[in-house]
1. State yes or no: is A:Thr150 without any contact (Cβ under 8 Å) to a residue 40 or more places away in the chain and of a type in the set (Val, Ile, Thr)?
2. Within region A:160-188, track down each residue that is polar (S, T, N, Q) and open to solvent by less than 60 Å² (accessible area, probe 1.4 Å).
3. Applying the selection to region A:83-113, what residues are among the aliphatic types (A, V, I, L, M) and farther than 24 Å from A:Glu213 by Cα?
4. Looking at A:Asp125 and the list (1) open to solvent by less than 60 Å² (accessible area, probe 1.4 Å); (2) at pLDDT below 95; (3) over 30 Å from A:Arg41 (Cβ atoms), which single condition is not satisfied?
5. Among the residues of region A:189-207, how many are surrounded by 15 or more Cβ atoms within 10 Å (Cβ to Cβ), touching a Gly at 6+ places or on another chain (Cβ under 9 Å) and farther than 22 Å from A:Trp146 by Cα?
6. Residue by residue through region B:6-24, note down the ones that are within 16 Å of the chain's Cα centre (by Cα) and among the polar types (S, T, N, Q).
7. Mind checking which pairs have a first residue in region B:102-121 that is at negative phi and a second that is among the aromatic types (Phe, Trp, Tyr), Cβ under 7 Å, 6 or more apart or different chains?
8. Within 28 Å of B:Glu181 (Cβ to Cβ), small (Gly, Ala, Ser) and open to solvent by less than 70 Å² (accessible area, probe 1.4 Å): does that describe A:Ala120?
There are 2 protein chains.
Amino acid sequence: VSVVGVIAAGGSGERLGASVPKAFVVLGGRALYEWSFEVLRGVCDRVVVAVPSETSDLRPQTSDVVVGGASRSASVRNALAAAPEASVVVVHDAARPLVERDLVERCIAALDGVDGAIAAAPVTDTVKEADSAGRVVRTLDRSVLWAVQTPQVFRADVLRRALDVDESVLASATDDASLVEAAGGAIVLVEAPRENIKVTTELDLRVAEAMLEARC
Amino acid sequence: VSVVGVIAAGGSGERLGASVPKAFVVLGGRALYEWSFEVLRGVCDRVVVAVPSETSDLRPQTSDVVVGGASRSASVRNALAAAPEASVVVVHDAARPLVERDLVERCIAALDGVDGAIAAAPVTDTVKEADSAGRVVRTLDRSVLWAVQTPQVFRADVLRRALDVDESVLASATDDASLVEAAGGAIVLVEAPRENIKVTTELDLRVAEAMLEARC
């Protein structure tokens, strides 16, 4: 079994007010992507980082690097093409720097007998469906709803097939698991700590800093 | 038109590691509930605070106070019983101290022609439905999903009727709007800033402090 990590690092730094891509924004003295890179490197045989095409001069020296595609899932596909030896793929979003090794390991362990195992937390907000005019259509039963995160771990052959679709389909996917689901794959959820936050805004970055400090 | 604010302040301080109820935990030199109390007082003719029954000695001196019920919605019902003059009710959760006057006013304005107008933000996470074994059943179309917040503003007569149900129904409701929906009422969403966070954990409290500092 060859376990390959893929870090999707294609996000722009715009909402962080940064002039560099999001993955290269500094958090606690390191580039954002380096936090999860270190965690994945401890678990995977190899880690490939998919960076935005405009950042050739910023490419990390410490790892395999591929240039990302037009969408998040297209970037993952490019990374997979560079790792033909993979039998298990751990996809992780560079914007989730606080991921812990335990969660990655639990996702890999949960892959037994299924096609994918993905980190998720129970939805705690009340969620409603609305029409395009903003009228409430219904309130969902949140007890069966999960907000999904990364890592998302897949059998490599299943993920390769799921990603072999039109660019427009890749672009509309909000996570890789939904493409595997669409191809008929079985996915299980792995309960993740709420602390595995996604850094999108400057406030998130400050929260992540506070959490890293609290760890020490 | 008599606009009455109701602050639901019944939450326990347990997850905040506090020995007092959540609404009385100190944030930036004030009790948590006082932040939204001040905002509602600027917009409403009167504000009633529903406090936990075990906190009689902590009852705020500055406002109308009623003792809450067995559930969140039961507390709102108790507060409404103390405000027979209300024609419009602004329900707000004390755990959302960062609410701004503009949002409250926009909810009240949106009540025109409907039964309720509630603060909500678009869902940004990928959300999946799972079975009890944690197997993914489907990925939801998040473009029609909204995470609802407070304030939730209602016509008082409609809310009173919606709350006139069994305690078990009140206890299972995760927001007041769902009870109004169940009674056939029409609800519209009012887009709210993501900054109107709910304080649940100690981390949330630190985030709220950072946001209050950033305001000054």
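The values are calculated or read from the model by the stated rules, or taken from the named source; none is laboratory data. In this text the structure is predicted, and so the values were computed from the model without any measurement. Glycine gets a Cβ as well: all are built from the backbone with ideal geometry, and neighbour counts include every protein chain shown. Each accessible area value is taken on the protein alone, full model and side chains, heavy atoms only, with ligands, DNA and RNA left out. Shrake-Rupley method; radii C 1.70, N 1.55, O 1.52, S 1.80 Å.
1. Details: without any contact (Cβ under 8 Å) to a residue 40 or more places away in the chain: no; of a type in the set (Val, Ile, Thr): yes.
Taking the combined requirement at face value, the residue does not satisfy it.
2. Hits for region A:160-188 are A:Thr174, A:Ser178.
3. First pass over region A:83-113, keeping only residues among the aliphatic types (A, V, I, L, M): A:83, A:86, A:88-91, A:94-95, A:98-99, A:103-104, A:108-111.
Scanning region A:83-113 gives A:Ala83, A:Ala86, A:Val88, A:Val89, A:Val90, A:Val91, A:Ile108, A:Ala109, A:Ala110, A:Leu111.
4. Among (1) open to solvent by less than 60 Å² (accessible area, probe 1.4 Å); (2) at pLDDT below 95; (3) over 30 Å from A:Arg41 (Cβ atoms), the lone unmet condition for A:Asp125 is (1).
5. Count: 0.
6. Passing the criteria: only B:Ser12.
7. Going by the 7 Å Cβ cut-off, the qualifying pairs are B:Asp115/B:Phe154; B:Gly116/B:Phe154; B:Ala120/B:Trp146; B:Ala121/B:Trp146.
8. Values: within 28 Å of B:Glu181 (Cβ to Cβ): yes; small (Gly, Ala, Ser): yes; open to solvent by less than 70 Å² (accessible area, probe 1.4 Å): yes.
Here the answer is yes, as A:Ala120 does meet what is asked.
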